[in-house]
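The next block holds one structure in the form of structure tokens; read it before the comments.
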Amino acid sequence: MKEIRNIGIFAHVDAGKTTLSEQILSHAGAIRTVGSVDAGTAHTDSLPVERRRGISVKASCVSFDYQNVQIHLIDTPGHVDFSAEVERSLWALDGAVLVVCAVEGVQPQTEVLFEAMVKQHIPVLFFINKTDREGADVAGVTAQIQRLLTAKAVDVTDTAAVSELLCDHADDLLERYLNGEQFSAALLGERLAALTRARCAYPVLCGSALKDEGVGELLDAIVRYLPAPKRDEALCGVVFAARQDKSLGRGVWVRLYGGTLETREVVTIDEGIDPITAEPKHTPHKITQIQGANQNAVARLCAGEIGVVYGLSDVPIGRVLGDAAALDRQIEAGQLRTPLITVQVIPAEPEQMTALRRACEILSGEDPLLQVQYVRMFNELHLRVMGMIQLEIIEEMLDTRFDLRVTFGTPAIIYKETITAPAEGFVAYTMPKPCWAVLKFEITPAARGSGVTFSSTVPVRKIMACYQHQVEQAIPLALNQGRLGWQVTDVNIKLVDGEHHLVHTHPLDFIVATPMAIQDGLRRGGSTLLEPILAARFILPAEHVGRVMSDVVAMRGEVVASVHDGDRVIVDALVPVQSSLDYAITLATFTSGRGTMSVRLHGYKECPRELGSTAKRRSVDPLDTSKYILAARGALEGDIFSLE
């Protein structure tokens, strides 16, 4: 069996990542002609919208052979609005190439990407690109990488630097080095490869993808320094992306870490705990077809390989197949970047709402962070997005892919809320029969960023264990919208009293009752609005630092740090999303494009009510008891059990 390398190409926008991917494919003989991003002919940009706009929107996987090694290469988007695609790609990789421009150097997005790779325990090669451009400074950018990202970065052409790094990790080499021995290239390569795979070294290479310089050396380094995947026997795989096929339906991209998947095999998927029975849910799925990384039909997918699997149509992205304990990384979406904007999608023709809902659900199946929300009460459809570029892409995809013309409402910030003061929440859901669920909660504020905790002090003789489990399962439903209409967070919820009835309690009663009791407590305790705060990093020419610092204060933000880095200044600040939404455009205008800004979610903090906003309730209010119970029993239109 051939050796495998599962690698990804990453970069900040316009660093030449897709051009580099094209040259790699050309060197390996996988394509005859090198495509162009600007001309819309790049082989890794397969979507029509990517070819028209000249940007990568979706991560794409291609497979090729090089030096008798099978390389699965994932080319990822560079724009921050598509960070979710980047994050999910990391779940499938054993190694990465991080591209840095030889002129612009380390950008804020470069730092975000590298930190994500470190958290996922992924070995990294740096490729300093665009060395043919005027102002290119390979030595200066290498020093930036060492200063801003990792001191373990080393220029592979600098024999002395490589030797010193190796000696820091090997006493036997240190003694030989101090005795004046000159290490052979073979020894240096072998030891550097071991350190790279252990993430104790980060080799730096350079070249020009446009001029096809240094690409062959990079391919050699991928094979030499980056690790082959482990091949465990027990089934373990990650669903990291999805695609839609006209004839086969929805297929999911799977990186298999262990075991095998075969066509016509029945795979049992663990779908968590059933909220009604409190028992684990295991659903069988029959695999109807498997395609390799190049989307050619194959009989099986083996450990270490990447492919598209059909027959798992309703399996969500992020689901682990088999033994999740075998993974060495965290599979959780939204760590790299999370949507902070919600927007209403309006069909050009009202009768197209059903088709629009279906189209948006398909797009959400490919990008779960879109979180499609259909508000039946108002016949409204909402999406959560990263930014305006993503919104433009969604509009174009709905038009070209689904033949749907849409407009968007005014984008709104996604706030959260919490309880202001400790309070008790109570409900006695005992009428109309048959029903019986009595609950009493203590709800207290928690530290900012701590989320939601649940505990119970009620003995099982008063509320059976299976019903208490239902209460815990219903907590997210109960907190989906607070009294201000936003998701409730940073609360401690304790079940302190209640009772079931041996005759009258129905299996769903405690799920219905929990939101009523929780909302009663939130009403008593009062609500505090929380607004999202961004950690912003600015890279600026020195003459613009004063203006940016003043603007940060005007945006109700604060400057955290300011550091000189050569001829530029790095300013770190915390700013509210509400006041900084369009600031990147303002910055680009007054700095003539020389200043850059990158952001990530820092957290949430209290916001004056008059500076924020409330949200419409999307279903029947649990405190409107009569209507709520009728809706729960299906007598009124509205699904109270939906998290939408």
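Kindly indicate the residue of segment 355-387 that is acidic (Asp, Glu) and in a helix (DSSP H, G or I) and also modelled with the lowest pLDDT among those meeting that condition. Talk me through it step by step, then tell me what you get.
Filtering segment 355-387 down to residues acidic (Asp, Glu) leaves 361, 366-367, 380.
From what is left, the residues that are in a helix (DSSP H, G or I) are 361, 366.
Details: 361: 90, 366: 83.
Here the answer is 366.
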For this session: Could you figure out which of (1) closer than 30 Å to residue 522 by Cβ; (2) touching a residue at least 60 places away in the same chain (Cβ under 8 Å) isn't true of residue 596?
Result: (1)
Seminar exercise, completed: In segment 391-419, residues that are open to solvent by 60 Å² or more (accessible area, probe 1.4 Å), of a type in the set (Lys, Arg) and outside any helix (DSSP H, G or I) total 1
For this session: Answer yes or no: is there a residue in segment 125-136 that is touching a residue at least 24 places away in the same chain (Cβ under 8 Å), in contact with a Phe, Trp or Tyr (Cβ under 9 Å, 6 or more places away or on another chain), of a type in the set (A, V, I, L, M) and open to solvent by less than 40 Å² (accessible area, probe 1.4 Å).
Result: yes
For this session: Output the number of residues of segment 199-219 satisfying the condition of being under 23 Å from residue 118 (Cα atoms) and open to solvent by 50 Å² or more (accessible area, probe 1.4 Å).
Result: 2
Problem set entry | Count of segment 511-546 residues which are buried (at least 20 other Cβ atoms within 10 Å of the Cβ), at pLDDT 95 or above, of a type outside the set (S, T, N, Q) and over 30 Å from residue 573 (Cα atoms) | 9
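Those residues that are closer than 25 Å to residue 210 by Cα, part of a helix (DSSP H, G or I), touching a residue at least 24 places away in the same chain (Cβ under 8 Å) and not hydroxyl-bearing (Ser, Thr, Tyr), I need them from segment 137-158; list them, please.
138, 140, 141, 144, 145
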Problem set entry | Among the residues listed as 136, 116, 161, 209, the single one being under 24 Å from residue 14 (Cβ atoms), modelled with pLDDT under 95, among the small types (Gly, Ala, Ser) and touching an Asp or Glu at 6+ places or on another chain (Cβ under 7 Å) | 116
Problem set entry | Which listed residue, of 111, 87, 115, 134, is within 20 Å of residue 18 (Cβ to Cβ) and among the charged types (D, E, K, R) | 87
Exercise. Can you name every residue in segment 261-282 that is within 28 Å of residue 472 (Cα to Cα) and modelled with pLDDT of 80 or more?
Worked result: 268
Exercise. Between a first residue in segment 159-187 that is in contact (Cβ under 8 Å) with a residue 60 or more places away in the chain and of a type outside the set (A, V, I, L, M, F, W, C) and a second residue that is open to solvent by less than 70 Å² (accessible area, probe 1.4 Å) and not in a loop (DSSP other than H, G, I, E, B), which pairs have beta carbons less than 8 Å apart while being 6 or more apart in sequence or on different chains?
Worked result: none
Problem set entry | Every pair of residues 6+ apart whose Cβ atoms lie under 7 Å, when the first sits in segment 369-397 and is among the hydroxyl-bearing types (Ser, Thr, Tyr) while the second is part of a loop (DSSP other than H, G, I, E, B) and at pLDDT below 85 | 374/644
Exercise. Within the group 412, 428, 446, which residue is modelled with pLDDT of 95 or more and touching a Ser or Thr at 6+ places or on another chain (Cβ under 9 Å)?
Worked result: 446
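Out of 521, 498, 485, I need the residue that is of a type in the set (Gly, Ala, Ser) and part of a loop (DSSP other than H, G, I, E, B). Which one?
When all the criteria are applied, what remains is 485.
Between 592, 579, which is under 30 Å from residue 141 (Cα atoms), modelled with pLDDT of 90 or more and among the polar types (S, T, N, Q)? Steps first, answer last, please.
Details: 579 fails: under 30 Å from residue 141 (Cα atoms).
Exactly one residue qualifies, and that residue is 592.
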For this session: Could you check segment 422-479 for strands (runs of 3 or more DSSP E) lying wholly inside it with 3 or more residues that are touching a residue at least 24 places away in the same chain (Cβ under 8 Å) and open to solvent by less than 50 Å² (accessible area, probe 1.4 Å)?
Result: 423-429, 437-445
Problem set entry | Residue that is nearest to residue 542 (Cα to Cα) [pool: residues in segment 553-608 that are charged (D, E, K, R) and within 25 Å of the chain's Cα centre (by Cα)] | 572
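Among 250, 243, which is the only one that is open to solvent by 50 Å² or more (accessible area, probe 1.4 Å), in a strand (DSSP E or B) and more than 30 Å from residue 130 (Cβ to Cβ)? Show your work before the answer.
Numbers: 250 fails: open to solvent by 50 Å² or more (accessible area, probe 1.4 Å).
It is 243.
Table: residues versus (1) buried (at least 17 other Cβ atoms within 10 Å of the Cβ); (2) not in a strand (DSSP E or B).
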position: 548; (1), (2): yes, yes
position: 553; (1), (2): no, yes
position: 560; (1), (2): no, no
position: 571; (1), (2): yes, no
position: 575; (1), (2): yes, no
position: 594; (1), (2): no, yes
position: 603; (1), (2): no, no
position: 613; (1), (2): no, yes
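What residue, among those in segment 341-354 that are closer than 21 Å to residue 577 by Cβ and open to solvent by 20 Å² or more (accessible area, probe 1.4 Å), is modelled with the highest pLDDT? Lay out the reasoning, then the answer.
Taking segment 341-354 as the starting set, the residues that turn out to be closer than 21 Å to residue 577 by Cβ are 341-345.
Add one more test, that the residue is open to solvent by 20 Å² or more (accessible area, probe 1.4 Å), and what stays is 342, 344.
Values: 342: 91, 344: 94.
So, considering only residues that are closer than 21 Å to residue 577 by Cβ and open to solvent by 20 Å² or more (accessible area, probe 1.4 Å), the one modelled with the highest pLDDT is 344.
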For this session: Give just the number: which of (1) out of contact with any Ser or Thr (no Cβ under 7 Å at 6 or more places or on another chain); (2) open to solvent by 70 Å² or more (accessible area, probe 1.4 Å) does residue 483 not satisfy?
Result: (1)
Seminar exercise, completed: The residue from 472, 499, 543, 531 that alone is touching a helix residue (DSSP H, G or I) at 6+ places or on another chain (Cβ under 8 Å) and charged (D, E, K, R) is 531
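Identify all residues within segment 368-390 that are within 21 Å of residue 241 (Cβ to Cβ) and open to solvent by less than 30 Å² (accessible area, probe 1.4 Å); write none if there are none.
Taking segment 368-390 as the starting set, the residues that turn out to be within 21 Å of residue 241 (Cβ to Cβ) are 368-372, 383-387, 389-390.
Passing the criteria: 369, 370, 372, 383, 385, 386, 387, 390.
Residue-wise test of (1) of a type in the set (Val, Ile, Thr); (2) at pLDDT 90 or above.
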site: 157; (1), (2): yes, yes
site: 170; (1), (2): no, no
site: 176; (1), (2): no, no
site: 179; (1), (2): no, no
site: 199; (1), (2): no, yes
site: 202; (1), (2): no, yes
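The values are calculated or read from the model by the stated rules, or taken from the named source; none is laboratory data. Just so it is clear, the structure is predicted and the values come from calculations on it, not from any experiment. Here the Cβ is made from the backbone with ideal geometry for all residues, glycine too, and neighbour counts use every protein chain on show. Accessible surface areas use protein heavy atoms only, side chains included; no ligands, DNA or RNA. Shrake-Rupley method; radii C 1.70, N 1.55, O 1.52, S 1.80 Å.
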